[in-house]
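The values are calculated or read from the model by the stated rules, or taken from the named source; none is laboratory data. Predicted model, so just to flag it, every value in this text is computed and none were measured. When we count neighbours, we look across all protein chains shown, and the Cβ atoms used for this are built from the backbone with ideal geometry, even at glycine. Accessible surface is based on the protein model in full, side chains and every heavy atom, while ligands, DNA and RNA are left aside. Shrake-Rupley method; radii C 1.70, N 1.55, O 1.52, S 1.80 Å.
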Amino acid sequence: MIKIAICEDEQLLLKHLTDSIKTILARHSILYSIDAYTNGSAVLTRSPFDILFLDIAMKPLNGLELAKRLRERGDESKIIFITAHQQYAIDAYDVQAYHYLLKPVDTKKLEAVILKLCSVLREESEHAITIRQGTMVRRVPFEQILYLEVINRKIYLHKNQETIPFYGKLSEVEPMLPDTFFRCHRSYIVNFDHVQHYKKEVIQLDNGYILPLSRRRYQEFGLAFMYYLKRKGDVF
């Protein structure tokens with residue numbers, strides 16, 4: 001389901017835009033939820049959305065300032081600005097806006113942007129894991145993940161330059177990962193893309209990190225890793 005929010009301080013425009021988006025999504029059989037706001041501050045109290053339509057000229061908190069605050073807290077929503085002035089388009093890039101639409105919003109243009117965004121979101125979900133940290137939701141591409149470990153009911157997702165903690169169980173996360181990941185230990189899941197070599201009870205990653213390899217998973221790990229290498233063409 002695509003989670004959408006529309007923030008526009010003019011009631012008539014808000015209703016028109018909401019109705020147009022609902023019509024487009026229904027026509028293409030896309031599951032969705034839509035929340036409508038007339039005040040940007042209300043968006044800050046909610047967990048992130050997949051897509052955000054923001055009026056730039058809102059008061060008292062304009063769309064650009066709202067977008068900056070959302071980005072500062074780590075919100076990665078796809079932002080589409082609605083504006084009557086084309087010059088604001090340049091400022092939109094400062095907050096990594098996906099697109100901007102000029103008022104009055106052209107329905108065909110709106111439909112094209114929405115369908116493209118839905119396609120992007122589907123593709124991202126197939127190549128990334130989505131995790132929740134309080135009110136923040138993050139998508140982490142699979143290839144960036146070195147390994148995951150669990151400590152005291154908290155999962156730590158390790159990247160090269162960052163460790164991302166979130167609540168969960170490895171048994172719940174494991175089905176979300178592709179077969180390039182392997183549960184090498186009851187407390188660890190490793191990404192084969194970053195395994196340099198292994199022996200007995202240890203796995204060494206390409207950045208020098210050492211992970212434990214469970215004895216009872218040793219043989220299964222070896223077979224899975226060999227299959228992975230063959231698929232890549234590294235072993236004949």
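Couple of notes before you dig in:
- Ser77 being of a type in the set (Gly, Ala, Ser) and touching a helix residue (DSSP H, G or I) at 6+ places or on another chain (Cβ under 8 Å): yes
- Of the helices (runs of 4 or more DSSP H) entirely within segment 31-102, those holding at least 3 residues that are more than 17 Å from the chain's Cα centre (by Cα) and modelled with pLDDT of 85 or more occupy 40-44, 63-72.
- When Ile145, Ile155 are checked against the criterion of being on the phi < 0 side of the Ramachandran plot, open to solvent by less than 20 Å² (accessible area, probe 1.4 Å) and out of contact with any helix residue (DSSP H, G or I) (no Cβ under 7 Å at 6 or more places or on another chain), a single residue qualifies: Ile145.
- Of all residues in segment 123-147, those satisfying the criterion of being part of a loop (DSSP other than H, G, I, E, B) and touching a residue at least 12 places away in the same chain (Cβ under 8 Å) are Thr135, Ile145, Leu146.
- Number of residues in segment 31-69 that are surrounded by fewer than 16 Cβ atoms within 10 Å (Cβ to Cβ), among the β-branched types (Val, Ile, Thr) and closer than 20 Å to Leu110 by Cβ equals 1.
- The condition (being exposed (fewer than 12 other Cβ atoms within 10 Å of the Cβ), under 25 Å from Glu126 (Cβ atoms) and of a type in the set (Ser, Thr, Tyr)) is satisfied by just one residue among Tyr167, Tyr228: Tyr167.
- 3 or more residues closer than 18 Å to Phe225 by Cα and either in contact (Cβ under 8 Å) with a residue 24 or more places away in the chain or in contact with an Asp or Glu (Cβ under 7 Å, 6 or more places away or on another chain) (or both): qualifying strands (runs of 3 or more DSSP E) within segment 148-191: 181-185, 188-191
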